[in-house]
1. Inside region 1-29, can you point out the residues that are among the polar types (S, T, N, Q) and under 27 Å from ASN114 (Cβ atoms)?
2. Might you let me know whether region 232-244 holds any residue that is free of Cβ contacts under 8 Å to residues at least 12 places away in the same chain and not acidic (Asp, Glu)?
3. So which residues in region 494-521 are in contact with a helix residue (DSSP H, G or I) (Cβ under 6 Å, 6 or more places away or on another chain) and hydrophobic (A, V, I, L, M, F, W, C), if there are any at all?
4. Please verify whether region 19-31 includes one or more residues that are over 31 Å from the mean Cα position of the chain (by Cα) and closer than 22 Å to TYR508 by Cα.
5. For region 292-313, enumerate the residues that are more than 16 Å from the ligand (Cβ to nearest atom) and modelled with pLDDT of 95 or more.
6. State the number of residues belonging to region 65-78 that are at pLDDT below 95, open to solvent by less than 50 Å² (accessible area, probe 1.4 Å) and assigned to a helix (DSSP H, G or I).
Amino acid sequence: MTPTEVRGYINYHEGIIAPLHKNYSLKLWDLSLDGNNEALSKALITAKEQYLKVYNNRAEFRQLQAWKATGLQLDDIDARQLKLIFHAFVPNQIEEEVLRDIVERETHIENTFNTFRANFEGGKASDNELREILRNESNMQRRYAAWEATKQIGQEIAPQLLELIGIRNREARKLGYSDYYSMMFELQELDEQWTFSLLHRLEQLSEPAFTAMKSELDATLKRKYGITESESYPWLYSDPFFQEFPAAGAVESLDEVFSGLDIEALTRAHYESIGLDIDDLLRRADLYEKEGKSQHAFCMDVDHEGDVRVLCNIRKVERWMSTMLHEFGHAVYDKYNDPSLPFLLRAPAHTLTTEAIAMLNGRMSKDPEWLTKIAGLSRSDAQRVSASAQKTLRSEMLIFMRWAITLIRFERELYRHPGSNLNQLWWEYVQRFQEVTPPPKRDRADWASKIHLASSPVYYQNYVLGELVASQLLRCIYKNVVKSENYVGRPAVGEYLKEKVFKLGARYEWNTMLTKATGEQLNPEYFVAQFV
Ligand SMILES: [Zn+2]
């Protein structure tokens, strides 16, 4: 066994996987735009299966294990690639028929989400339509009906998802892990215990601030809707999961600010102001609502060579402004990779680091400086809006943190004890962490209406870690890059991100990359100081 042989294998693997990755991405993109197309759905299943089959090869996996065991001296780039290849092989060491079965089930669940439109008031309603009612309606009966409609999909998804979880767990146990959840943590280079003790700390630190903020918010909302009862049911809020700050809770709604603005143009202006050009990315994106199109938002790097695509469903509200800034954060990370790195390393260091960049920019739509410089609010308007916007941003972070804790803790139980009373556990957690009153006598699979549990398993912890990294990067930018508390309008910001984050790609493990970029490992204190 020599390093040259290993390098030969890595090159061979890259030659196989790069075109399959591209094909799979393109098929996924096509189906996301036209979810009702049977042929596209079949094409996606085939493409995903071809891609995963590479990692299903038993003989190659034994070879990789042998190389791992001998402790070969490889250079950094080869060692890193070999480790990533190994991690990709592990979860796919299963029978071919089982692999196909899993792919079919996953595609079916994802597509149910893409094409589902809820029954509402005698017709069909899209996610955006129901959310609009939750944002603007003051009649509580109608708010309840809209909230309830957003949960319909859960009943449809839950049985399929539970079957899939059973299969995932069974296969993970065959591979020597306690369950699929623990396996995915390890393969994502995340320490489960460390992550959960961090969550516990964030939960404790955020509790007093969250409780105080929420009781003020609830009082505002109840006054607005003329409610006298003390319960805070979930349809009081504008987000069906209470994961965002309710528009109606602000002194002045930011939705009004964005109702007359061009969200696409503002996204371009934002990135231009920090020295990052997204014109090519905007041209490739698909940004507006369509029948049969996925109702969510995502960014995909098709080929690691510049074909980066964003999908959104823009409406002129603050949520879509923030989502656009978020998705194009992923996109610039992908776009500005280092072309001299090999295919496998021309990718973010970790899901949590690309989320960090997305979140750092996604926060800006509530930033007073951004509202003046980019959204063009007059100074008097900005002064009026900014105090409220600042408060909204802080509230939003607290709300998101408590929501994420709910979802992450629930997902671990979902894999550890899939046979327990999940409908009940869900509302226990919502009540405990989010302080929302469960609907009376509710026994429905409301948890299964959250798309991440179905289509991005064991993912949500990356959002929390991403927020922490975003705050750490921002502090470092203030202190070392722009040497003031300014972010927008500073091309040095983009330069720093390109050189210290984007170009490193996946060549270092995420915490090493973070240390190189900011001078220290992940430190949650920056987030706590900023928002808690
Ligand atoms: Zn994201």
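1. Correct list: ASN23, SER25.
2. no
3. Passing the criteria: VAL501, PHE502, LEU504, ALA506, TRP510, MET513, ALA517.
4. no
5. Result: VAL302, ASP303, HIS304, GLU305, GLY306, ASP307.
6. Total satisfying the criteria: 2.
Table: residues versus (1) outside any helix (DSSP H, G or I); (2) at pLDDT below 95; (3) acidic (Asp, Glu).
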site	(1), (2), (3)
ASN462	no, no, no
LEU465	no, no, no
LYS498	no, no, no
ARG507	yes, no, no
VAL528	no, yes, no
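Results for (1) charged (D, E, K, R); (2) closer than 19 Å to LEU407 by Cβ, shown as yes or no for each residue.
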{"residue": "ARG142", "(1), (2)": "yes, no"}
{"residue": "ALA149", "(1), (2)": "no, no"}
{"residue": "ILE153", "(1), (2)": "no, yes"}
{"residue": "ALA158", "(1), (2)": "no, yes"}
{"residue": "ARG168", "(1), (2)": "yes, yes"}
{"residue": "TYR181", "(1), (2)": "no, yes"}
{"residue": "LEU202", "(1), (2)": "no, yes"}
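The values are calculated or read from the model by the stated rules, or taken from the named source; none is laboratory data. Bear in mind the structure is a predicted one, so any value in this text is a computation, not a measurement. A quick note on method: Cβ atoms are made from the backbone with ideal geometry, for glycine too, and the neighbour counts reach across all protein chains shown. With ligands, DNA and RNA removed, areas are computed over all heavy atoms of the protein, side chains included. Shrake-Rupley method; radii C 1.70, N 1.55, O 1.52, S 1.80 Å.
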